[in-house]
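> What follows is a structure written as structure tokens; I'll ask about it next.
The values are calculated or read from the model by the stated rules, or taken from the named source; none is laboratory data. Quick caveat: nothing in here was measured; it's all calculated off a predicted structure. Virtual Cβ from ideal backbone geometry, glycine too; neighbours counted across all protein chains shown.
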């Protein structure tokens, strides 16, 4: 609807509340568990589904146009750096897909301040950080003023 | 003093304030830190930068990569491509600037860990089309966010920025921004020497096809609430090409992308009776737009036009012919992973309706219009161009600075630069970040100061909807109908209806005219009068209120620009029925608008299109 939360699986940890780009995953005050309080602002982006440690969140396609009986489940294994999908059609057919999500360890990006500081003249030039080397060509292309 | 005046005010000082932590904001943050080692760089984001902005869900392709290292394309080629697609009107100086830098951004992404597919034979990036390369981009945003977090001094998540602040000591100079925490309700005053608006474009200003639960499945994210435009407009920045809304031909209901299907899988479209239809409409399009119809590739809007006419002629639905391509298991896998990587909702639709493209050719649809600046369209702020070659009338200060001093922009915010997509938006953020560092260093001791009266007044304004609700709620027993306040969803639906029916939405087949626009403007004016009466039950609804406010600012700008341009430049995006043809004699120009914050008046003007690339 589109995302919803299974009562028996959710432990109210709030990971979904923290990640939802639309701010629609909230903690229900009575049950102390998460729920989607504004399904018509849900993009079915699956950010909350992927983030839920309990696998308590699922998606039921928008009622406007999605007949019941389908499922699109995901397992995002951050440490293994892969994502796995299982699709189930309304008529029961299944499809499975696995993709890589990252080639380097999480947290391994070098901060820009760890690179040697550029000189004052470079600030006035047109090259951006790491250029021209990072362009993999000799020099930054330019046009002549008209 | 209102009920909520006791909310705590938090002051945050910075040298550079980046508003919005999507792709352009992350690029701006990275570059600001690289060049400004000693500067305080602050990012403020209404969601969580780990999954925010248009790429929250991931992407399966990078749509702007030159491949200069393999001599695949040169920046000039990309300018010609974007210019052609936008029917002649782009800021070539800005477009070239992005194109010459964009490869370095993509190479950084790969070094950081983004899986980019490779062509097994050549070892080069796997091309989807001339400009597109294919990626496994489920974690595209988390990877870019990691780089931004490591570059920023501080990241403030879950703060909705509502207004920019102006300098107390000097007119037309920015001094910061205000907003509120969606979590604890604190009021934030960000004091900054330079501000980079890297916020999102606009979904939900035109009524979407689906209006129930499915209203969330818009093509552009529902959280793209036009802050990219509302923030600069309100302080008097000039805007350009705001009439240039975009309509997308996509798979029906889920708005799953068609790029990989056309370009990589080599699928094609046909009408309900199995016939090609684009050629049918060639002569009538030629009558409207002249030689532009002969340009290659055929501009996106003109292909939309043929689709629309074919459906109006009673030969819909239009389908994508997938059955042949999907017999190839590799292509089938790419077809599905393409959705799972960036538009999961389309996979949900197909699973629910038993649509397996191996057996059924799926339906396409033309979406409702969107206003943004990074796809095949270029609405946004009028910005200063690159110092080394931009024509003199496109250059008044630092690169990507708007017509307000110290106010920079990137991504959806900056107008005239179509076909940036994710990599180009990040790159434009980098360009703006470096320019902002230069600006801050040049300021020296001449620093902007915020005006206490200004932010205190804004504090009252920002929380007023909660007071409206608190007071009005006691008048009624229960439910959503109040004589005293409007809920944000009610205001949003009124806005969408006005824009849809009068400004060229789906219900009129994207058609409008001067009398319709005039009536639309009258209704928008009444909506604006009602906005101070919006009611918010809680902080989440307060966010929805301010998103609506931003959408209304953008909508008014769109309406005024559409009224000003007396021609039909982009048939298939929208039609001025009273000026049904493209008119290069009078309208081969940019439209510019400026809202005067002092008087509340809008002024329109034309600006020349300089063709600096042959």
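> Determine if the range B:204-214 includes at least one residue that is assigned to a loop (DSSP other than H, G, I, E, B), farther than 29 Å from residue B:299 by Cα and touching a helix residue (DSSP H, G or I) at 6+ places or on another chain (Cβ under 9 Å).
There is at least one residue in the range B:204-214 that is assigned to a loop (DSSP other than H, G, I, E, B), farther than 29 Å from residue B:299 by Cα and touching a helix residue (DSSP H, G or I) at 6+ places or on another chain (Cβ under 9 Å).
> crowded, with 16+ Cβ neighbours inside 10 Å, within 30 Å of residue B:46 (Cα to Cα) and either at pLDDT below 95 or within 23 Å of the chain's Cα centre (by Cα) (or both), is that true of residue B:542?
So residue B:542 passes the test.
> Restricting to the range B:356-369, give me the number of residues that are farther than 29 Å from residue B:571 by Cβ and buried (at least 21 other Cβ atoms within 10 Å of the Cβ). Please lay out each step first, then the result.
Quick first cut of the range B:356-369, residues farther than 29 Å from residue B:571 by Cβ only: B:356-360.
Filter again for buried (at least 21 other Cβ atoms within 10 Å of the Cβ), leaving B:357.
Within the range B:356-369, residues that are farther than 29 Å from residue B:571 by Cβ and buried (at least 21 other Cβ atoms within 10 Å of the Cβ) number 1.
> Could you please tell me which pairs satisfy a Cβ distance under 7 Å, a separation of 6+ or placement on different chains, a first residue in the range B:436-449 that is within 14 Å of chain A (Cβ to nearest Cβ), and a second residue that is part of a loop (DSSP other than H, G, I, E, B)?
B:437/B:36; B:437/B:39; B:438/B:398; B:439/B:398; B:439/B:406; B:440/B:36; B:440/B:39
> With the condition kept exactly as written, say whether any residue in the range B:477-490 is buried (at least 16 other Cβ atoms within 10 Å of the Cβ), in a loop (DSSP other than H, G, I, E, B), in the same structural domain as residue B:553 (by TED's automatic domain parsing) and over 28 Å from the mean Cα position of the chain (by Cα).
Among the residues of the range B:477-490, at least one is buried (at least 16 other Cβ atoms within 10 Å of the Cβ), in a loop (DSSP other than H, G, I, E, B), in the same structural domain as residue B:553 (by TED's automatic domain parsing) and over 28 Å from the mean Cα position of the chain (by Cα), which makes the answer yes.
> Quickly run through the range B:316-358 and pick out the residues that are part of a loop (DSSP other than H, G, I, E, B) and either closer than 20 Å to residue B:136 by Cβ or within 10 Å of chain A (Cβ to nearest Cβ) (or both).
Those that are part of a loop (DSSP other than H, G, I, E, B) and either closer than 20 Å to residue B:136 by Cβ or within 10 Å of chain A (Cβ to nearest Cβ) (or both): B:328, B:343, B:353, B:354, B:355, B:356.
> Give just the number: which of (1) more than 30 Å from residue B:554 (Cα to Cα); (2) in contact (Cβ under 8 Å) with a residue 12 or more places away in the chain does residue B:123 not satisfy?
The failed condition is (2).
> Quick test for you: out of A:46, A:35, A:62, A:115, pick the one residue that is under 27 Å from residue B:116 (Cβ atoms) and touching a residue at least 24 places away in the same chain (Cβ under 8 Å).
A:46
> If you don't mind, there's one more thing I want to ask. If I filter the range A:99-115 for residues that are part of a loop (DSSP other than H, G, I, E, B), more than 26 Å from residue B:433 (Cβ to Cβ) and within 7 Å of chain B (Cβ to nearest Cβ), do I get at least one hit?
Yes, the conditions are met somewhere in the range A:99-115.
> Please pick out the residue among A:95, A:88 that is more than 30 Å from residue B:211 (Cβ to Cβ), touching a strand residue (DSSP E or B) at 6+ places or on another chain (Cβ under 7 Å) and at the interface with chain B (Cβ under 8 Å from one of its Cβ atoms). Quick ask: steps written out before the conclusion?
Numbers: A:88 fails: more than 30 Å from residue B:211 (Cβ to Cβ).
Selected residue: A:95, the only one of A:95, A:88 that is more than 30 Å from residue B:211 (Cβ to Cβ), touching a strand residue (DSSP E or B) at 6+ places or on another chain (Cβ under 7 Å) and at the interface with chain B (Cβ under 8 Å from one of its Cβ atoms).
> Still on this structure, please answer the following. For the range A:116-146, which residues satisfy the criterion of being within 19 Å of residue B:111 (Cα to Cα) and facing chain B (nearest Cβ under 7 Å)?
Matches in the range A:116-146: A:128, A:129, A:130, A:131, A:134, A:135, A:136, A:137.
> What residue, of B:61, B:82, is touching a residue at least 24 places away in the same chain (Cβ under 8 Å), away from every other protein chain (no Cβ under 12 Å), surrounded by 22 or more Cβ atoms within 10 Å (Cβ to Cβ) and in a helix (DSSP H, G or I)?
Within the list B:61, B:82, the selection yields B:82.
> Determine whether residue B:412 is under 30 Å from residue B:27 (Cα atoms), surrounded by fewer than 24 Cβ atoms within 10 Å (Cβ to Cβ) and not assigned by TED's automatic domain parsing to the domain that holds residue B:554.
no
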